[in-house]
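The values are calculated or read from the model by the stated rules, or taken from the named source; none is laboratory data. Since the structure is predicted, the reported quantities are computational estimates derived from the model, not experimental observations. Positions of Cβ are backbone-derived with ideal geometry, glycine not excepted, and every protein chain shown enters the neighbour counts. The protein model used for the area step is the full one, side chains on, heavy atoms only, and it has no ligands, DNA or RNA in it. Shrake-Rupley method; radii C 1.70, N 1.55, O 1.52, S 1.80 Å.
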Amino acid sequence: MDIGVVLQCNPPASRVIDLARRAETHGFSHVWTFDSHLLWQEPYVIYSQILAETRRVTVGPMVTNPATRDWTVTASTFATLNEMYGNRTICGIGRGDSAVRTLGGKPTTLAALRESIHVIRELANGRSAKLGDTTVQFPWAGDSRLEIWVAAYGPKALDLTGEVADGYILQLADPDIASWTIGRVRAAAEAAGRDPASIKFCIAAPAYVTDGSEAAMAHARDQCRWFGGMVGNHVADLVARYGQQGGGIPSALTGYIDGRSGYDYNAHGKSGNSHAEFVADEVIDRFCLLGSPAEHLTRLKDLEKLGVDQFSVYLQHDAKSATLEAYGEFIIPFVDEQVTATS
């Protein structure tokens, strides 16, 4: 199992680049970032410097969207980075959340998401794509290679993922919810005539390593409570569309937002977010990885058994350096050993 990290592009950019460089040193395979240009700095500029100062990590957004960025420009950016640094990029994409809502917009339709995936993938892999009546291609991008991984929660978005995506991103670490979403993606892939095994699966969630004491766990939960608030935005959309039990969506995903009263995007992805106070401790324990290294390894083993290929650590809390170091010393060297020995 690969272990990645998810960063915010908070200034100074040099700090983000330093965290990415240290993540590679500690054995992390991927460096992802948020992509919301009003809330944080421009990620693609920062990617260029991360790639220049590292040698192995794969870099990309978790996640971009089809609304705030021209599809051909997105594809050109990835293809250019690949030419410069050797095919070390990846594109996570979804319908849009903070990037579009802070501009007063709404997430795109699934049809637009589907079309954007096709256009970006074809162009960034050196092939031609049709935009309306116009066929376009980058004559210089023949050696570029780019995978597109889709972030989704709802049934129709999961079906789309199985039909067209190279990978699937689930932004929470609850094994029961992961089992349902992965199963839905695989079923959609098979129905579309694809090999379900060809799709890669990534779980992304905050991780906080503690000594296992109650005081340390309480602090870790408070530092990661923001995540339940962020996920709640997507869940609220699902409940509005399908109801609490519609579409086969597990109640473990929809039930926890009953106390939700709104959301402030100025505190998006930040610990101490007051709009996440409705998130109960047990939800944090299900959605995030908290506790001793052994407890992290046990959860990673459970996720790997479901077919998860990568776990990516959201690093939005007060223990960024300590988490990178703990994963590098106590978790990454042993995750495959743990999985193999107990599976």
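Observations on the structure shown:
- Failed criterion for Gly193 (all others in (1) within 28 Å of Cys91 (Cβ to Cβ); (2) open to solvent by less than 30 Å² (accessible area, probe 1.4 Å); (3) of a type outside the set (Lys, Arg) hold): (2)
- Within region 46-58, the only residue that satisfies the criterion of being crowded, with 24+ Cβ neighbours inside 10 Å and closer than 17 Å to Val313 by Cβ is Ile50.
- Of Thr68, Thr108, all but one fail to be over 30 Å from Asp18 (Cα atoms) and part of a loop (DSSP other than H, G, I, E, B); the exception is Thr108.
- Residue pairs whose Cβ atoms lie under 7 Å apart, separated by 6 or more positions or on different chains, with the first residue in region 5-20 and loosely packed, with under 15 Cβ neighbours inside 10 Å and the second not in a helix (DSSP H, G or I), are Pro11/Gln41.
- Of everything in region 21-45 that is buried (at least 21 other Cβ atoms within 10 Å of the Cβ) and touching a strand residue (DSSP E or B) at 6+ places or on another chain (Cβ under 6 Å), the residue that is nearest to Leu103 (Cα to Cα) is Asp35.
- Some residue of region 93-103 being of a type outside the set (Ser, Thr, Tyr) and part of a strand (DSSP E or B): yes
- Qualifying positions in region 81-106 - closer than 13 Å to Ala52 by Cα and without any contact (Cβ under 8 Å) to a residue 24 or more places away in the chain: Gly86
- Test: residue in region 201-215 that is closer than 19 Å to Tyr168 by Cβ and small (Gly, Ala, Ser): yes
- When Val63 is tested against (1) within 22 Å of Asn233 (Cα to Cα); (2) open to solvent by 50 Å² or more (accessible area, probe 1.4 Å), only condition (2) is not met.
- If you check Leu146, Leu113 for being in contact with a Gly (Cβ under 9 Å, 6 or more places away or on another chain), touching a residue at least 60 places away in the same chain (Cβ under 8 Å) and either closer than 26 Å to Leu306 by Cβ or crowded, with 19+ Cβ neighbours inside 10 Å (or both), only one passes: Leu146.
- Contact map, region 321-332: first residue crowded, with 18+ Cβ neighbours inside 10 Å, second residue in a helix (DSSP H, G or I), Cβ cut-off under 6 Å, separation 6 or more or different chains; pairs are Leu324/Arg22; Leu324/Ala23; Ile331/Pro293; Ile331/His296.
- From the options Ile169, Ile203, residue that is within 21 Å of Ser312 (Cβ to Cβ) and either touching a Leu at 6+ places or on another chain (Cβ under 7 Å) or among the hydroxyl-bearing types (Ser, Thr, Tyr) (or both): Ile203
- Residue pairs meeting the criteria (Cβ under 7 Å; at least 6 apart or on separate chains; first assigned to a helix (DSSP H, G or I), in region 26-49; second surrounded by fewer than 17 Cβ atoms within 10 Å (Cβ to Cβ) and at pLDDT 95 or above): none
- Here Ile120 fulfils each of the conditions (1) open to solvent by less than 70 Å² (accessible area, probe 1.4 Å); (2) assigned to a strand (DSSP E or B) apart from (2).
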